[in-house]
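Accompanying notes for the structure given below.
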């Protein structure tokens with residue numbers, strides 16, 4: 001890892017930690033969520049919510065890298081994933097028809113490994129979900145679903161028709177919590193169609209499809225609760241992702257991770273990743289109607305890069321960030337405080353300084369460190385953004401040309 005990547009908004013360990021997440025096992029009592037973060041969560045009532053990743057179980061293991069003839073040999077990544085823009089006004093379809101359309105494209109992902117313990121070791125498993133994105137066998141899921149397999153385990157995929165086949169890891173991106181695995185020697189696969197998540201609207205009906213608690217082929221219904229919700233997830237302090245989430249009240253539970261959030265036309269609008277849970281001693285890692293999905297546009301872009309090269313590239317500008325401090329009267333700080341600036345990096349070249357507070361990226365408001373991370377990542381490397389910066393009592397605007405860093 002380069003110094004530049006460590007100092008970037010897309011390196012979330014540099015920002016003040018937000019809500020962390022815990023893996024929720026299927027066959028054991030659900031663990032208590034992590035303690036509330038230093039600052040009140042912007043997800044709801046301060047101190048009452050924590051985040052949980054929604055893969056079932058917690059294991060370790062390994063998967064070999066698999067690259068193949070379908071992948072470009074170099075240059076730009078050409079998407080083979082089906083993407084269809086949503087209609088501007090209405091989305092036709094019913095929950096029944098949408099569920100029928102997406103069902104063949106959603107799979108159950110099981111990770112297994114031989115554990116080492118005082119009793120001689122036991123095979124442990126965890127269960128998540130995935131979405132077939134190419135008929136040739138590529139399956140998109142969450143990184144936290146398969147991450148435990150890196151180091152000595154196995155991954156198997158169970159299709160909608162009940163067939164179970166071994167899968168190999170193609171690539172993963174921990175910073176955005178996505179991974180691609182591949183199954184081979186299987187005929188009759190149906191790839192999902194993805195919608196343009198930029199056209200999602202609050203209140204729009206959606207379905208969550210996956211294997212909650214290991215119950216494959218489960219469909220729940222809800223709406224889009226809000227858009228562009230910066231959410232930090234991770235099973236420990238050194239493995240955290242920050243996503244620009246689609247928030248939904250469709251029921252999402254452990255095992256739903258990596259499954260599909262779809263519109264009424266049966267098109268994927270998000271990859272289900274995390275849920276909010278009640279904090280404190282009685283909190284449980286189960287559905288309370290606050291779930292989060294990675295937007296389909298982000299998922300497609302990252303998946304195409306993982307298939308092409310085994311890794312993904314995100315924009316960065318060469319800074320270390322934290323939430324803006326509270327004001328002297330105790331009011332919450334708004335903005336992302338620049339803690340450090342990488343020498344000769346994009347931010348330094350643009351004139352950004354340590355101590356500056358970023359309050360906007362182009363027209364998007366920045367309220368904390370995580371919202372800056374996702375706002376920067378939403379732009380391609382090489383693009384130029386305009387930052388609105390609070391510098392002491394003054395407000396200045398700076399134009400930054402972003403560079404890229406690989407996962």
Hey, residue 365 over 30 Å from residue 293 (Cβ atoms), in the same structural domain as residue 397 (by TED's automatic domain parsing) and exposed (fewer than 15 other Cβ atoms within 10 Å of the Cβ) or not: no
For residue 322: the one exception among (1) touching a strand residue (DSSP E or B) at 6+ places or on another chain (Cβ under 7 Å); (2) at pLDDT 95 or above; (3) surrounded by fewer than 23 Cβ atoms within 10 Å (Cβ to Cβ): (2)
Failed item, numbered, when residue 251 is tested on (1) modelled with pLDDT of 95 or more; (2) within 20 Å of the chain's Cα centre (by Cα); (3) surrounded by fewer than 18 Cβ atoms within 10 Å (Cβ to Cβ): (3)
So residue 184, is it crowded, with 16+ Cβ neighbours inside 10 Å and assigned by TED's automatic domain parsing to the domain that holds residue 303: no
Given (1) part of a loop (DSSP other than H, G, I, E, B); (2) closer than 24 Å to residue 175 by Cα, index of the condition residue 331 fails: (2)
Tabulated pairs, the stretch 205-216, first farther than 16 Å from residue 105 by Cβ, second surrounded by fewer than 24 Cβ atoms within 10 Å (Cβ to Cβ), C-beta under 6 angstrom, 6+ apart or interchain: 205/223; 205/264; 212/218; 213/26; 214/26
Identity of the residue in the stretch 207-227, in contact with a helix residue (DSSP H, G or I) (Cβ under 9 Å, 6 or more places away or on another chain) and at pLDDT 95 or above, that ends up surrounded by the most Cβ atoms within 10 Å (Cβ to Cβ): 209
Verdict on residue 192 being closer than 22 Å to residue 300 by Cα, in the same structural domain as residue 156 (by TED's automatic domain parsing), surrounded by 19 or more Cβ atoms within 10 Å (Cβ to Cβ) and in contact with a helix residue (DSSP H, G or I) (Cβ under 7 Å, 6 or more places away or on another chain): yes
Unique residue being touching a strand residue (DSSP E or B) at 6+ places or on another chain (Cβ under 7 Å), at pLDDT below 95, within 19 Å of residue 200 (Cβ to Cβ) and crowded, with 16+ Cβ neighbours inside 10 Å when the list is 112, 86, 126: 86
Within the stretch 308-325, tally of residues that are touching a helix residue (DSSP H, G or I) at 6+ places or on another chain (Cβ under 6 Å) and outside any strand (DSSP E or B): 3
Residues of the stretch 357-401 satisfying the condition of being on the phi > 0 side of the Ramachandran plot and under 24 Å from the mean Cα position of the chain (by Cα): 362, 382
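The values are calculated or read from the model by the stated rules, or taken from the named source; none is laboratory data. Just so you know, these numbers come straight off a predicted model, no measurement behind them. Quick reminder, even Gly has a Cβ in these numbers, built from the backbone with ideal geometry, and neighbours come from all protein chains shown.
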